[in-house]
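Here is the structure we will look at, set down as structure tokens.
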Amino acid sequence: MAILVDKNTRLLVQGITGREGEFHSGQMIEYGTQVVAGVTPGKGGQRACDGRVPVFDTVAEAVAATGPNASVVYVPARFAADAILEAADAGIPLVVCITEGVPTLDMIRVCAYLDQKGARLVGPNCPGLLSPGQAKVGIMPGHIAIPGPVGVVSRSGTLTYEVVYALTARGIGQTTCIGIGGDPIIGTTFIDVLEMFENDPLTEQVVLIGEIGGSDEERAARFIAERMTKPVTTFIAGRTAPPGKRMGHAGAIIQGGTGTAAEKIAAFEAVGVPVADHPEQIPDLVAHN
Amino acid sequence: MKLHEYQSKRLFAAHGVPIPRGDVAATPEEARRIAEELGGTVVVKSQVLVGGRGKAGGIRLARTPDEAEVVAGEILGMEIKGLPVRKVLLDEAADIQQEIYLGIVVDRANRRPVMMASSEGGVEIEEVARTDPEAIKKVLIDPFVGLRGYQTLALAKGIGLAAEHRRAFDRIARGLYESFLACDASLAEINPLVVTAAGDLLAVDGKMVLDDNGLFRHPDLAQMRDVDEETATEREAREAGLSYVQLDGEIGCMVNGAGLAMATMDIIKHFGGGPANFLDIGGGAKAERVAAALRLILADPNVEAVLFNIFGGITRCDEVARGIVAAFEEVRPTVPLVARLVGTNEAEGRAILDDSGYRLITVTTLAEAAQKAVAAAKGEAAARGELGA
């Protein structure tokens, strides 16, 4: 088992003929993901990825012809909101948006619309999902992960890879690794993922990688205390980040004195959740559970 | 991106929010002319992108055009929290009976804009949130139905605004929300919104922060960026497409990925050093990008060592290593360099760095990287021995 994506995932790629879209589609196919269709307006009828994937002008056409149950979005930021809405409107239940730089007000409308449609969004500005040995949706490097009992959820990209790689090096595998994205407004939050891991029979414990900005980590700490039976190990990036400055991710900013690493670490420690001092401690903490 | 008070207020006014009569001056002579046109007492307000202008002496009254010229001259020569005052706003002075706060921000947890009002105008909202959180009234705005009359009424009643001002308050609240949407703002704030002796509501001070990700659809607003909002280095980084924040430590950091970059800063501190910067070189790590990043780091005179922390995922470590060596050829760093490459093709990457002929310490773990960088920066004998080898 895994969460959200597995060997039954039938993936649509929006923006498949772009540089990123085509490259990562190739990587996903090589990993074993079923990429059933691509969409690029104006390029319907072509084939992408060395002829392996049919391309459609619209998501509705791709859905009618190929029956995808998930979509991944690589289109440029100014078109990303439209692409996500189009996928949800065509009835796709899971949309993963890799694109960085989507305006916040666009995401507010997109999230409200997807809530109405009952569709789930992961991202934007995220590396996607990887269920080792089953499917990879997004841009995570597939070979760093192995199947196993740990669920990994993070707001970051390379920091997640770093942690997954360190777990794998210790022989600790993963059910699903998921990057929820570094923007202020995101579709899927820590709590959503924690609940899915709690309900996934093969996930035995969870690693949560947070960072400064917002209060998603604080809510996650309360959720862990009240609702979770499985152990969770955490790490929070940004202890040295100055207030008022955006640390790369649009959502990684300490504003009005809130969103600091110290507050988040205190929230986890208050409910008995271990917080690693640095990423390399995580495999040790996980091995102890 | 932050906007100045005068820019914010003009944008609010374009959406029906009443603001005082006034104009902007860059010289005392201009200030005098504006004061003459306005007549009567004026407020001379420094236009800098920091709070606490009043306390710093950057907001003063002037009763005559002569006085306005003198006061403007004094304020224009000031520095407020390190920022030079290049412009002053001269506004007609208002006869203030009551001050309130009205603002909109993005509520991340609820994924909605939230409008906040407080009867404690003129005080920073964060300060009110700390001292008297009950005084702040909030309404969440549904993006599909917008801000409604019953919501602005709830705010007006919540802060105890007299019934005769509620219609004007509603118009101003809606105008503020329209400006927030029209500009892709992440914050739009009127503080204070005043009730004058004549019974009018007036936005005496205004502030907007724009979402950088929305600027592509507002080229007119993008041009309003104040050069003093960021350091010269930060500007250079932004123009080179790098994500960079200057800090005050001695170890320059070059990392791929924002989360990993923060974790790298933190571990330097954990082992007793100080990060000189946050820097995310993004994916790919091509030579010219690495070179640009390296130039930025080395331009900081505090930097005594540089730590490279690269995770090779889709990007291979050997490609990144070639990028780093090519950048060295161009930039010729003289400080000690510590490199940690991990992930895809890490051994090949390390070999390329080891064979490059530059004084480079290659390590495998992040902890080791931080410890070596801290030692190198402190010029400890052990590190120097290794550097010479």
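Odds and ends about this structure:
- Applied to segment B:55-62, the Karplus parametrisation 6.51 cos²θ - 1.76 cosθ + 1.60 on θ = phi - 60° returns per-residue 3J(HN,Hα) values of 4, 7, x, x, 9, 9, 8, 9 Hz, with x for Gly and Pro.
- Reachable aspartates and glutamates, given that their alpha-carbon falls under 14 Å from the alpha-carbon of A:K43 and they are not under 8 places away in the same chain: A:E22, A:D57, A:E61
- Karplus-derived 3J(HN,Hα), 6.51/-1.76/1.60, for each residue of segment A:109-126, Hz, glycine and proline x: 5, 4, 5, 5, 5, 5, 4, 4, 7, x, 9, 9, 10, 10, x, x, 6, 9
- Segment B:82-219: C-alpha pair distances exceeding 24 Å, %: 32 percent
- Isotropically averaged projected area of segment B:29-108, using the convex hull of Cα atoms (one quarter of hull area), nm²: 6.7 nm²
- Kirkwood hydrodynamic radius of segment B:299-371, from inverse mean 1/r over distinct Cα pairs, in Å: 12.3 Å
- Centre-to-centre separation between the Cα atoms of segment B:191-234 and those of segment B:282-328: 36 Å.
- Per-selection metrics, the protein assembly as shown (Cα): Rg and Dmax in Å: 26.8, 81
- Here segment B:333-384 and segment B:18-41 have alpha carbon centers that stand 59 Å from each other.
- When the alpha carbon coordinates of segment A:1-150 are projected onto the principal axes, the ranges are 37, 34, 26 Å, largest first.
- Within chain B, helix-based [θ] at 222 nm, where runs of 4 or more DSSP H residues each add -39,500 (n - 2.57), nearest 500: -11500 deg cm²/dmol
- Peptide-level mean, for A:241-253, of C-beta atoms on other protein chains within 10 Å: 5
- Amide hydrogen proximity for B:G313: with H placed 1.01 Å from N in the peptide plane, the residues at 5 or more positions away or on another chain lying under 5 Å are B:T344.
- Kirkwood hydrodynamic radius of chain B, from inverse mean 1/r over distinct Cα pairs, in Å: 24.0 Å
- Which of B:D212, B:D280, B:D91 has the fewest Cβ neighbours within 10 Å, and the rest in rising order: B:D212, B:D91, B:D280
- On the basis of the beta-carbon distance and an R0 of 35 Å, A:Q116 and B:A198 show a calculated FRET efficiency of 0.15.
- Restricted to Cα atoms, chain A shows a radius of gyration and a Dmax of 18.4, 57 angstrom.
- Amide H contacts under 5 Å for A:V53, placed H, 5+ residues apart: A:A48
- Cα Rg, Dmax, segment B:1-51, angstrom units: 12.0, 35
- 3J(HN,Hα) couplings calculated from phi for segment A:267-273 with the Karplus curve 6.51 cos²θ - 1.76 cosθ + 1.60 (θ = phi - 60°) are, in sequence order, 5, 6, 5, 4, 9, x, 8 Hz; Gly and Pro show x.
- Alpha carbon centroid spacing (whole Å) that separates segment A:216-289 from segment A:145-205: 14 Å
- Measuring against 32 Å, Cα to Cα, the residue pairs A:K230/B:K138; A:K7/A:K264; B:K9/B:K286; A:K136/B:K378; A:K7/A:K117; A:K264/B:K372 contain A:K230/B:K138; A:K7/A:K264; B:K9/B:K286; A:K136/B:K378 as the ones spanning a longer distance.
- Unit Cα scatterers, Debye sum, segment B:259-389: log10 I(q)/I(0) for q = 0.23 Å⁻¹: -1.71
A short reminder: the numbers here are calculations on the coordinates, not readings from a lab. Worth saying up front: this structure is predicted, and the values here are computed from it rather than measured. A quick note on method: Cβ atoms are made from the backbone with ideal geometry, for glycine too, and the neighbour counts reach across all protein chains shown.
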